[in-house]
Amino acid sequence: MPKPVDENSHKNEPEKRSFAAWLWSEVKFFAVLGVFIVSFITLVWGHFKIPSESMQPTLEVGDHIYVSKYAYGYSKHSLPYLLHKLPLPEGRIFSKVPERGDVVVFRNPKNELVMIKRVVGLPGDKLQVRQGQLFLNDAPVGREKLDGRLYRPHKSERVVSVNVYEQTLPDSEDSFVIYERNDSYPLDNTPVFIIPADTLFFMGDNRDNSIDSRDTRSRDELGRLKGPGMVHMNFVMGRADRMMFSFKRCNRDEDLYCPPKGRWMVKL
C-alpha cells in the first residue's frame, strides 16, 4: 500500500539558493567586513613597523607598534594607505595637542613619508640645540649619562659607538633613554626655533642618527627632500602607545648590544 504524502514536508527541506544569491551574500559580508576594518584602523588603532634606527633604543628596527588614532583627533592624514590623497579639506576635528615626550606617528609635510619621533617642543616654546645640549625656553634639559654602548646598525657591517643618556623633559614625569655619538654632529647645533600655534617640534631618541625637526634644509646635496621641519598638527596620525612584538634580528656578537629576545607589549 503506498504511503501517504505529507504535503507540508517540503517546507522542512532547506531552500536551495541560486549561485547568484550565494555570491551576493558573500559580497555583502566581505563589504561589511572591509568597512569595519577600514573604520577600525582609521578611527581606533593603526599598525606600523619600525624601519630605521632613528628612535633607538626606545624602538628598534623590526618592532611592530600600535598607534592610537583617536588620541589627538583626526585629519585626512589619519586615513590609512593612500586615502589621504583624496580631495578632502584640511583641518582637524576633536584636536588635542600631544603631551611633551609623547612618541608620535606623523606624515612628513615635505615628502609624505610616514615618520615616528618624540615630541620635544610644543606650541609657544623657544627651542635650540647647542653642542648637543637641548635648551627649552632658555633652560637646559639635563641628561644623565648611563654608560657607553656598541651596536651594529641594520644591514651594516660597521660598528657604532654611542653614549647612553637618560633624559626627562620639562612637565613630564617619565624619563627615556637617548643615544649620542658625540656633540659635534650637524644637527647638534641649530638656530633658535619659536614654535608656532598648532605646530610640534620632533626629535629622534637616536639623536645623531635622526632626520627630524632640527633639519631645516629643504633638500640635501642630491636634491632629495630632507627633514620635516616643524610639523603642523594636521599631519599627525596618532600616538604610539605600545610596541606589541618585534622581529628584530641581529648578531649577538660579544661586546655588541643587541635587544633582548622576547620583547612584546612594551608601553611607550
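The values are calculated or read from the model by the stated rules, or taken from the named source; none is laboratory data. Keep in mind that what you see is a predicted model, and the values were worked out from it rather than measured. So basically every Cβ, Gly included, is an ideal-geometry build from the backbone, and we count neighbours across all protein chains shown.
Structural remarks
- Scanning segment 108-161 for residues that are part of a strand (DSSP E or B), closer than 16 Å to I178 by Cα and of a type in the set (A, V, I, L, M, F, W, C) gives I116, V119, V120, V129, L134, F135, L146, L150, V160.
- For segment 186-209, the condition holds for at least one residue, the condition being that it is more than 21 Å from L134 (Cα to Cα), in contact with a helix residue (DSSP H, G or I) (Cβ under 9 Å, 6 or more places away or on another chain) and acidic (D, E).
- S95 vs. criteria touching a residue at least 24 places away in the same chain (Cβ under 8 Å), touching a strand residue (DSSP E or B) at 6+ places or on another chain (Cβ under 6 Å), part of a loop (DSSP other than H, G, I, E, B) and of a type in the set (S, T, N, Q): no
- Scan of segment 129-158 for residues that are of a type in the set (F, W, Y) and within 16 Å of F202 (Cα to Cα), ordered by number: F135
- Matching entry among V164, V177 (being out of contact with any Lys or Arg (no Cβ under 8 Å at 6 or more places or on another chain), touching a residue at least 12 places away in the same chain (Cβ under 8 Å), part of a strand (DSSP E or B) and not polar (S, T, N, Q)): V177
- The single condition among (1) within 23 Å of G227 (Cβ to Cβ); (2) in contact (Cβ under 8 Å) with a residue 60 or more places away in the chain that Q133 does not satisfy is (2).
- Total residues in segment 134-176, condition of a type outside the set (A, V, I, L, M), closer than 29 Å to P191 by Cβ and surrounded by fewer than 15 Cβ atoms within 10 Å (Cβ to Cβ): 13
- Candidates are the residues of segment 216-256 that are basic (K, R) and at pLDDT below 85; the one that is nearest to L127 (Cα to Cα) is R217.
- Among the residues making up segment 69-86, those that are crowded, with 17+ Cβ neighbours inside 10 Å and hydroxyl-bearing (S, T, Y) are Y72, Y74, S75, S78.
For every residue, the table says whether it meets (1) hydrophobic (A, V, I, L, M, F, W, C); (2) in contact with a Pro (Cβ under 9 Å, 6 or more places away or on another chain).
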position	(1), (2)
W45	yes, no
I50	yes, no
S54	no, no
Y72	no, yes
L79	yes, no
I93	yes, no
D102	no, no
N111	no, yes
V120	yes, no
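- Check on Y74, over 18 Å from P109 (Cα atoms), over 13 Å from the mean Cα position of the chain (by Cα) and at pLDDT 85 or above: no
- Residues satisfying the stated conditions in segment 73-85, i.e. in a loop (DSSP other than H, G, I, E, B) and out of contact with any helix residue (DSSP H, G or I) (no Cβ under 7 Å at 6 or more places or on another chain): G73, Y81, L82
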